[in-house]
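Values in this text are rule-based calculations from the coordinates and carry no lab data. Here the structure is a predicted model, which is why all the values come from computation and not from measurement. A quick note on method: Cβ atoms are made from the backbone with ideal geometry, for glycine too, and the neighbour counts reach across all protein chains shown.
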Amino acid sequence: MKKIGVLTSGGDAPGMNACVRAVVRCATAREIEVVGIRRGYRGLIDGDMIPLGPRSVAHILEHGGTFLESSRCEEMKTPEGLQIAVDKLNEEGIEGLVAIGGDGTFHGAAALAKAGGIKVVGAPGTIDNDVFGTDYTIGFDTAVNTAVESIDKIRDTAESHDRLFFVEVMGRNRGFIALAVGIAGGADEILVPEHNTDLQILADSLKKHFEVGKRSSLVVVAEGDAPGGAQAIADKVGWLVGKDYRVVSLGHVQRGGSPTANDRILASELGAAAVTALDGRGGGGMVGKIGSEITHTPLEDTWTKHKELDTRMLKMLQILAL
Ligand code: F6P
């Protein structure tokens, strides 16, 4: 392989820069030329590309966001858009592509591989951790740590006012962030889309927390748990509990910031593995890490197969929150 492209697509995630850096430096070590495609598939269709060498990725490891920028590109989902993308790759002489993002990104990557005969390797980069074929996605660890830092601060004010807080975290339709943040942040309850919540039972349980002497109580709510999110749940449950309550939505704060060491390491490993996969004899697919092993998963599996949430942790919380 002589020339590859790299892009970041979908929601940005801390560690994407570290992954691009690894792709560029590992490809250079194999004497493969690298082109950075800016703004994800939007930039590919527009032909917005820049040559990348080892020095162009210096000092990006520690920065959040993605220096290549990202987008959610509707045109890529059309046959016309896809054909333009294939043409641009061919015009540029790009033989292989590393696509860093979530399952939406991999849909685009799989379509490119099919329509253009281009070898495509995906690297999982999303704070949501909702991708089958890897224990963790790049950005998840940072997002969880960022949210836990906020929870610790919310707890200070909650305790000072004897209040009930509902804290909404990201995660689209899945509860991976909520579960991790809730356990690490010492939440009293965690609400995730994978588990139905009876609001009366929730209210009774929160009441009990106050009856046993807790001064404050904190509920972590995954954004996809219910229509209207944490606010709607709080408005129903707050008055049932009979406590002064507040709602905080952590929002995009969770997507920014310097990546944790864990995310930098994972991103570096997966970036390196992506180049090895592209330059090897095997087909494309997504590189991931399960346990201590680097894995390769067909792109289609990343969205057709279901990654289980460890709901045993929800049971454990009932004891931890006593
Ligand atoms: O997929 C990452 C994510 O941050 C989700 O957790 C969230 O639902 C979504 O992106 C928000 O997307 P946008 O930044 O386009 O509003």
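Inter-label distance, Leu199 to Glu149: 3.4 nm, where each label sits 7 Å from its Cα along the C-beta direction.
Result for the chain in a Gaussian network model with C-alpha springs under 10 Å: among Gly229, Gly122, Gly36, the largest mean-square fluctuation is at Gly229. Helix 261-279 and the longest principal axis of the Cα set of the chain meet at an angle near 30°. Of the beta bridges in the chain, as assigned by DSSP with both residues counted there, near 20 percent are antiparallel.
The Cα-based radius of gyration of the range 1-114, divided by its Kirkwood radius, gives an Rg/Rh of 0.94. Protection proxy ranking of 124-134, 71-81, 272-282, 178-188, by the mean of other Cβ atoms within 10 Å over each peptide's residues and highest first, is 124-134, 178-188, 272-282, 71-81. Comparing Thr28, Thr157, Thr295 in a Gaussian network model of the chain where C-alpha atoms under 10 Å apart are linked, the largest mean-square fluctuation is found at Thr157. Relative to the dominant Cα principal axis of the chain, helix 199-211 is inclined by about 60°. Take the residue pairs Lys119/Lys315; Lys77/Lys307; Lys207/Lys305; Lys243/Lys307; Lys77/Lys315 and return only those whose Cα atoms are more than 32 Å apart. Going by Cα-Cα distance, Lys119/Lys315; Lys207/Lys305; Lys243/Lys307; Lys77/Lys315 fall outside the 32 Å limit.
GNM on the chain, C-alpha springs below 10 Å: top fluctuator among Gly64, Gly101, Gly283? It is Gly283.
Scale the Cα Rg of the range 114-190 by the rule-of-thumb value 2.2 N^0.38 Å and send over the ratio, two decimals. The partial results should precede the final answer.
Working: Rg = 16.7 Å, N = 77, 2.2 N^0.38 = 11.5 Å.
Its radius of gyration relative to the 2.2 N^0.38 Å reference: 1.46.
For Thr295, the amide hydrogen comes within under 5 Å of the amide hydrogens of Gly288, Lys289, Ile290, counting only partners 5 or more places away or on other chains and with H modelled in the peptide plane.
With no solvent and one equal point scatterer placed on each C-alpha of the chain, evaluate the Debye formula and give log10 I(q)/I(0) for q = 0.08, 0.11 Å⁻¹, two decimals. Debye output, listed in q order: -0.40, -0.69.
Starting with the highest mean, order 113-120, 16-23 by the number of other Cβ atoms within 10 Å, averaged over the residues of each peptide. It would help to have the intermediate numbers written out before the result.
On the way: 113-120: 18.1, 16-23: 28.2.
Averaged packing, sorted descending, gives the order 16-23, 113-120.
Relative to the Cα centre, the charge distribution of the chain, modelled as +1 at Lys and Arg Cβ and -1 at Asp and Glu Cβ, gives a dipole magnitude of about 320 debye.
Its alpha carbons give the range 142-255 an Rg and a Dmax of 12.7, 37 Å. Reducing the range 229-290 and the range 74-105 to their Cα centroids gives an inter-centroid distance of 25 Å. Test of understanding: extend the Cα→C-beta vector of Asp310 to 7 Å, then name every residue of the range 235-272 with backbone N under 17 Å from that spot. Taking a point 7 Å out along Cα→Cβ of Asp310, the residues of the range 235-272 whose backbone N falls under 17 Å are 262-263.
Could you grab the relative contact order for the chain? Cα pairs under 8 Å, six or more apart, rounded to a whole percent. Display every interim value, and only then the final one.
On the way: 733 pairs, mean separation 73.8, N = 322.
It comes to 23 percent, rounded to a whole number.
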